[in-house]
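Novice: Once you've had a glance at the structure underneath, I'll fire off some questions.
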Protein chains: 2
Amino acid sequence: MEKLLQIEEYLEANKETFESQLIELLKIPSVSADSSFKTSMLEAANWIMHCFEAMKIPAELIPTEGHPIVLAEYHRDDSLPTVLVYGHYDVQPADPLDLWISKPFEPTVRDGNLYARGATDDKGQMFTHLASSQAWMNTVGELPCNIKYLIEGEEEIGSAHLEDFIEAHRERLKADVVVISDTCQLGPDQPAITVGLRGISYFEIFLQGPKQDLHSGSFGGAVTNPVNTLTQLLSSIINKEGQVQIPGFYDAVESLTEEEREQFSGLPFDEENFKEQVGVDGLSGEKGFTTNERRWARPSFDINGVTGGYAGEGAKTVLPAKANAKFSFRLVPKQDPKQIAIDLEKYLRDQLPPGIKMEFKAMHGSPGVVVPQTNPYLQAAVTAIEQGFGKTPYFIREGGSIPVVTTFYESLGLNTLLLGWGLNDDNTHSPNEKFHLADFHRGIRSSAYLWQAIREI
Amino acid sequence: MEKLLQIEEYLEANKETFESQLIELLKIPSVSADSSFKTSMLEAANWIMHCFEAMKIPAELIPTEGHPIVLAEYHRDDSLPTVLVYGHYDVQPADPLDLWISKPFEPTVRDGNLYARGATDDKGQMFTHLASSQAWMNTVGELPCNIKYLIEGEEEIGSAHLEDFIEAHRERLKADVVVISDTCQLGPDQPAITVGLRGISYFEIFLQGPKQDLHSGSFGGAVTNPVNTLTQLLSSIINKEGQVQIPGFYDAVESLTEEEREQFSGLPFDEENFKEQVGVDGLSGEKGFTTNERRWARPSFDINGVTGGYAGEGAKTVLPAKANAKFSFRLVPKQDPKQIAIDLEKYLRDQLPPGIKMEFKAMHGSPGVVVPQTNPYLQAAVTAIEQGFGKTPYFIREGGSIPVVTTFYESLGLNTLLLGWGLNDDNTHSPNEKFHLADFHRGIRSSAYLWQAIREI
């Protein structure tokens, strides 16, 4: 107990230090999707390396065919439990830049929130588990259990090289439990442990019509317009009742159980408040399901970007030569991204009209996952969060995807704790991403208690 | 006849001069759609003014609420017929710039073609009628009939202010026949007189979903995605058989007569060659119609541009806040653009799902027109083209729109001669727009003979 008092004092005294450290990391534009940021990716990885060096935890920068992985290993005693912390130092692209109030890579505090790309997803949340270990090392001089850190740089682009890395380092990554903070609380002051994630399957298609843009007067009606075709193909994927139309898409989808539906509907959730937060006056989605069921436990289809033809000011009467779309499905457990890619490509090719060629690109994919609520480490997490937040956490799900969770859970058989310190309105993947600083510090405190609680299991 | 010999000699001797003059005009980036080119618009109008001054034809630069109009008036004798030449000095936007082999506003000759934005549409074609008058003035010292020139700067953006201008200057614009060169030949060495044009109705819609971009994992399936909605709305406009689905759209469309279908099918037209020229291996369009019927005499629907969501490299899992599309219909005679705008807006609004707001913008519109083939000036044009091209012209239609033709024909009751010197593969409205220089000079010669032929009617 004395140790924990020391740590409480350290955390209180070092709030500004932690904030300054996070700000340093957030200044590095580590956008994994865009190859022009490659140098910044390395800079961010090295920043994390230095962080481990400063607390004397051995760490290694391991190259992959993509962006490097940081692997740090604190080993104290074989008899103690071993925690594997997973996080990522890469961030989503920051555009549209003009919608940011302060610049995405110039972290700025307003109203108790720290605004920057990556503030909560995932630099800020990931860093809470480094800060908590700093507190232990700089006071007690040791951590209460063995801790490994696996911090990757490709989460936002589908963790393309991580699965192979994990397979190749099974022994070295051996652990009792995985801790990941890359999710959200249920709401402000409603801390939560996430017990299920959706998977994802991301695609891009490129349509080519005439060899170059044509005059829509002279050729319109006789030459197939690839943008017309694009809208036909994309709109054919989902019907007006929110049901995906690709044959076989729902074959592996399991119905929600009565128990699951009750757990969802038992959570405090204010739909009016949700709409206001999002800024819409109405919601839509798959017929027959509630909002939380739709975003947490049912597959969905979203077009993430379209381009084609004239995008400038005014009118241009052009029949465009090309059209392009990026789109993705969110998946639930047992849906297989590889099979969906095959079925989707066939479904689209069968519809192609004369005069249009399609390039089909399956980008990243990972299945959804639901972890059993019998995980023995869940109680340790509940205790730690009660200490950190002063509230008992809810058990929720999350609509996003953390591909590696499936790998940890299904390939390595590891128990998984998804402890989210973020908020739904933190604008992850959007302009003005933020992290509520109070949650940042509560997260650090929860993490510091978690190491102790896991030891005491 | 001696006069015409003098003119033949002058035209032969001044080929390079005419080309240099046209190149000067093509260097001016007079893009009417983009307000950043406003200064260039004025520069182009003034270039034309100087051209008239040099041949001592009185001309006036008349401001409008948009871009100015050049009106030149050569009056010789009330007893002679009066020709009104119409043309435009504005051009389409030049993008996508990366597809131009030489820069759009740095005119370049390759293989007997002059490449530049506006080369054929319409600076090059319009200038043939100035060059022919130069020839008459500099040899004979006078023109064989009265000629007025109306050269506007808003054709590519729907001639928004021209109709009011014409109404306000009915007396001043009084003429016996209008001559316009802003169309194409049937094919290389197949000169043509165009006797029908399609109309146009151009729209832009802006969809707004959530107040800002959202994470497609956390929100996808529960919050309406405006890009999904955009594809649903646009694809609902036309079915897979190429039929527009807006209620009432075909009400005013007259069936093609047997005579018209025979006239079309009697023209030399090689569909394989057409496909090769366009660069496609198949064509599609409204069921039950031939390629030329589809592009000349049936309405059509083309999306001219779409934007929404992430357009950068790689994947971004975003549920976009906004989506936008520019699209247009080509119309046939008696279809009313204003009524179509009303019907279309209702059709789209009725389909809007919850959580999506739509801004609907009707841009420019003009009905289609078919001129009677009993026009007494047609024979004069046939004679002139036979002199200029050494071939008898075909009577064809054109799928594009020249809004002012309807105004001249229906409001002023003027006979109209659409004498096109361009080719279908001149890439008007596309990268690498060109004008075949031999056609440029044949056009000038035809124009010089036309003034004489009209006088002799």
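FYI, it's all coordinate maths here, none of it is from the lab. Nothing here was measured: the structure is a model prediction, and the numbers come from that model. Positions of Cβ are generated from backbone atoms using ideal geometry, with glycine treated the same way; all protein chains shown enter the neighbour counts.
Novice: How much mean residue ellipticity at 222 nm does the protein assembly as shown get from its helices, if each DSSP H run of length 4 or more adds -39500 (n - 2.57) and you divide by all residues, to the nearest 500 deg cm²/dmol? The partial results should precede the final answer.
Specialist: Details: 28 runs with 298 residues, N = 914.
Using -39500 (n - 2.57) per qualifying helix, the result is -10000 deg cm²/dmol.
Novice: Dividing the Cα radius of gyration by the Kirkwood radius, what Rg/Rh value follows for the protein assembly as shown?
Specialist: Numbers: Rg = 34.1 Å, Rh = 30.8 Å.
Ratio value, two decimals: 1.11.
Novice: Kirkwood hydrodynamic radius for the range B:338-378: how many Å is it when counted over pairs of different Cα atoms?
Specialist: On the way: mean 1/r = 0.0736 Å⁻¹.
Hydrodynamic radius (Kirkwood, Cα pairs) of the range B:338-378 is 13.6 Å.
Novice: Test of understanding: what is the full-extension gain from A:Glu254 to A:Glu60, defined as 0.36 nm times their sequence separation minus their Cα-Cα distance?
Specialist: On the way: separation 194, 0.36 × 194 = 69.84 nm, distance 4.15 nm.
Difference between extended and current length: 65.7 nm.
Novice: Taking the Cα centre as origin and putting +1 on Lys and Arg beta-carbons and -1 on Asp and Glu beta-carbons, what dipole magnitude results for the protein assembly as shown, to the nearest 20 debye? Each step should come with its number before you reach the end.
Specialist: Numbers: 78 positive and 130 negative charges, 90 e Å.
Magnitude of the dipole: close to 440 debye.
Novice: Rounded if a/c is under 1.5, else prolate if a/b is larger than b/c, else oblate: which is the range B:1-121, with a ≥ b ≥ c the root eigenvalues of its Cα gyration tensor? Provide the component values of the computation, followed by the final result.
Specialist: On the way: a/c = 2.66, a/b = 1.29, b/c = 2.07.
Note, shape of the range B:1-121 comes out oblate.
Novice: Could you list B:Arg198, B:Arg294 in order of exposure, starting from the residue whose Cβ has the fewest other Cβ atoms within 10 Å?
Specialist: Values: B:Arg198 31, B:Arg294 25.
Ordered from fewest to most neighbouring Cβ atoms within 10 Å, B:Arg198, B:Arg294 come out as B:Arg294, B:Arg198.
Novice: Based on the alpha-carbon gyration tensor of chain B and its eigenvalue square roots a ≥ b ≥ c, which shape applies: rounded if a/c is under 1.5, prolate if not and a/b is larger than b/c, or oblate? It would help to have the intermediate numbers written out before the result.
Specialist: Details: a/c = 1.91, a/b = 1.70, b/c = 1.12.
Prolate, since a/c reaches 1.5 and a/b exceeds b/c.
Novice: Relative contact order for the range A:304-457: what is it in percent, counting Cα pairs under 8 Å that are at least 6 residues apart? Write out the running numbers ahead of the final one.
Specialist: Numbers: 137 pairs, mean separation 33.5, N = 154.
The value is 22 percent.
Novice: Taking amide H positions as placed in the peptide plane 1.01 Å from N, state which residues far from B:Ile57 in sequence (5 or more) or on other chains have amide H under 5 Å from it.
Specialist: none
Novice: Another question, then. Tell me, what is the FRET efficiency for A:Val140 and A:Ile457 to the nearest 0.05, using R0 = 22 angstrom and their Cβ-Cβ distance as r? It would help to have the intermediate numbers written out before the result.
Specialist: Values: r = 19 Å, r/R0 = 0.87.
According to the calculation, E is roughly 0.70.
Novice: Same structure again: What residues qualify as long-range amide H neighbours of B:Leu319, i.e. H under 5 Å apart, gap of 5 or more or another chain, H built at 1.01 Å from N?
Specialist: It is B:Leu214, B:His215, B:Ser216, by chain and number.
Novice: How charged is the neighbourhood of A:Arg330? Take every other residue with its Cβ under 9 Å from the Cβ of A:Arg330, and add Lys/Arg as +1 and Asp/Glu as -1. Write down the numbers at each step before the final one.
Specialist: On the way: positive: A:Arg198, A:Arg295, A:Arg298; negative: A:Asp302.
Net charge around A:Arg330: +2.
Novice: Report the charge-dipole magnitude of the range B:342-429 in Debye, nearest 20, computed about the Cα centre from +1 at each Lys and Arg Cβ and -1 at each Asp and Glu Cβ. Before the final figure, lay out the partial values.
Specialist: Values: 6 positive and 9 negative charges, 26 e Å.
My answer is approximately 120 debye.
Novice: Rounded to the nearest 5, what % of the DSSP beta bridges within chain A are antiparallel ones?
Specialist: Values: 49 of 71 bridges.
Antiparallel: roughly 70 percent of the beta bridges in chain A.
Novice: Compare the Cα positions of B:Pro333, B:Ser218, B:Pro247 along the charge dipole of chain B (+1 at Cβ of Lys, Arg; -1 at Cβ of Asp, Glu; about the Cα centre) and return the one farthest towards the positive end.
Specialist: B:Ser218
Novice: If I take R0 = 41 Å and measure r between the Cβ atoms of A:Glu163 and B:Glu271 in this structure, what FRET efficiency does the formula 1/(1 + (r/R0)^6) give, to the nearest 0.05? Before the final figure, lay out each step's value.
Specialist: On the way: r = 51 Å, r/R0 = 1.25.
E between A:Glu163 and B:Glu271, to the nearest 0.05, is 0.20.
Novice: Counting Lys and Arg as +1 and Asp and Glu as -1, what is the net charge of the other residues whose Cβ lies under 14 Å from the Cβ of A:Phe274? Present the calculation step by step, with values, prior to reporting the outcome.
Specialist: On the way: positive: A:Lys275, A:Arg294, A:Arg295, B:Lys211; negative: A:Asp270, A:Glu271, A:Glu272, A:Glu276, A:Asp281, A:Glu293, A:Asp425.
Every neighbour counted, the sum reads -3.
Novice: Once the label point is set 7 Å along the Cα-to-beta-carbon vector, what list of distances in nm do you get between A:Asp350 and its counterparts in the other copies?
Specialist: 3.0
Novice: Residue by residue, what Karplus-based ³J(HN,Hα) values in Hz, rounded to whole numbers, does the range A:264-273 have, using 6.51, -1.76 and 1.60 with θ = phi - 60° and x for Gly and Pro?
Specialist: Computed from phi, the couplings for the range A:264-273 are 5, 6, x, 6, x, 8, 10, 5, 4, 5 Hz.
Novice: Can you put A:Leu378, A:Leu22 in order of Cβ neighbours within 10 angstrom, beginning with the fewest?
Specialist: Details: A:Leu378 20, A:Leu22 25.
Ranking A:Leu378, A:Leu22 by Cβ neighbours within 10 Å, fewest first, gives A:Leu378, A:Leu22.
Novice: Let's test the formula: R0 of 41 Å, r as the Cβ-Cβ distance of B:Leu80 and B:Lys103. What FRET efficiency results, to the nearest 0.05?
Specialist: On the way: r = 44 Å, r/R0 = 1.07.
Plugging the Cβ-Cβ distance into 1/(1 + (r/R0)^6) gives 0.40.
Novice: Distances in nm, one decimal, shortest first, from A:Asn46 to the same residue in every other copy, taking the label point 7 angstrom along Cα→Cβ.
Specialist: For A:Asn46, the other copies' label points sit at 5.5 nm, shortest first.
Novice: How high is the relative contact order of chain B, given as a whole-number percent (alpha carbon pairs under 8 Å, six or more residues apart)? Present the calculation step by step, with values, prior to reporting the outcome.
Specialist: Details: 916 pairs, mean separation 115.7, N = 457.
About 25 percent, as a whole number.
Novice: For A:Arg172, go 7 angstrom from Cα along the Cα-to-Cβ vector, then report the distances to that same point in the other copies in nm, smallest first.
Specialist: Label-point separations across copies, in nm and ascending: 8.4.
Novice: Also, I was wondering about something else. Indicate the gyration tensor shape class of the range B:100-174 (rounded, prolate or oblate), computed on the Cα atoms with a ≥ b ≥ c the square roots of the eigenvalues: a/c under 1.5 is rounded; otherwise a/b larger than b/c is prolate and the rest oblate.
Specialist: Numbers: a/c = 4.55, a/b = 1.26, b/c = 3.61.
Note, shape of the range B:100-174 comes out oblate.
Novice: Which of A:Cys51, A:Cys184 comes first, and how do the rest follow, when ranked by fewest Cβ neighbours within 10 Å? Don't jump to the answer; show the numbers that get you there.
Specialist: Numbers: A:Cys51 23, A:Cys184 28.
Ascending Cβ contact count within 10 Å gives the list A:Cys51, A:Cys184.
Novice: Follow-up question, since we're still on this one. Quick check for me: using +1 on Lys/Arg Cβ and -1 on Asp/Glu Cβ, what's the dipole size of chain A about its Cα centre, in debye to the nearest 20?
Specialist: Details: 39 positive and 65 negative charges, 216 e Å.
My answer is approximately 1040 debye.
Novice: Work out the charge dipole of the range B:1-158 with +1 on the Cβ of Lys and Arg and -1 on the Cβ of Asp and Glu about the Cα centre, then indicate which of B:Met137, B:Phe37, B:Pro93 is farthest towards its positive end.
Specialist: Value: B:Met137.
Novice: For a quick check of your reading of the filter: which GluC sites (Glu not before Pro) in the range A:214-313 sit in a DSSP loop and have no more than 11 other Cβ atoms within 10 Å?
Specialist: Loop-located and lightly packed - A:Glu241.
Novice: Please list, ordered by chain and number, the residues whose modelled amide H lies under 5 Å from the amide H of B:Asn113; skip anything fewer than 5 residues away on the same chain.
Specialist: Sorted by chain and number, the residues that satisfy this are B:Leu437.
Novice: Considering the dipole of the protein assembly as shown built from charges on the beta carbon (Lys and Arg +1, Asp and Glu -1) around the Cα centre, which of B:Asn228, B:Ile166, B:Ala311 is farthest to its positive end?
Specialist: Towards the positive end, the residue furthest out is B:Asn228.
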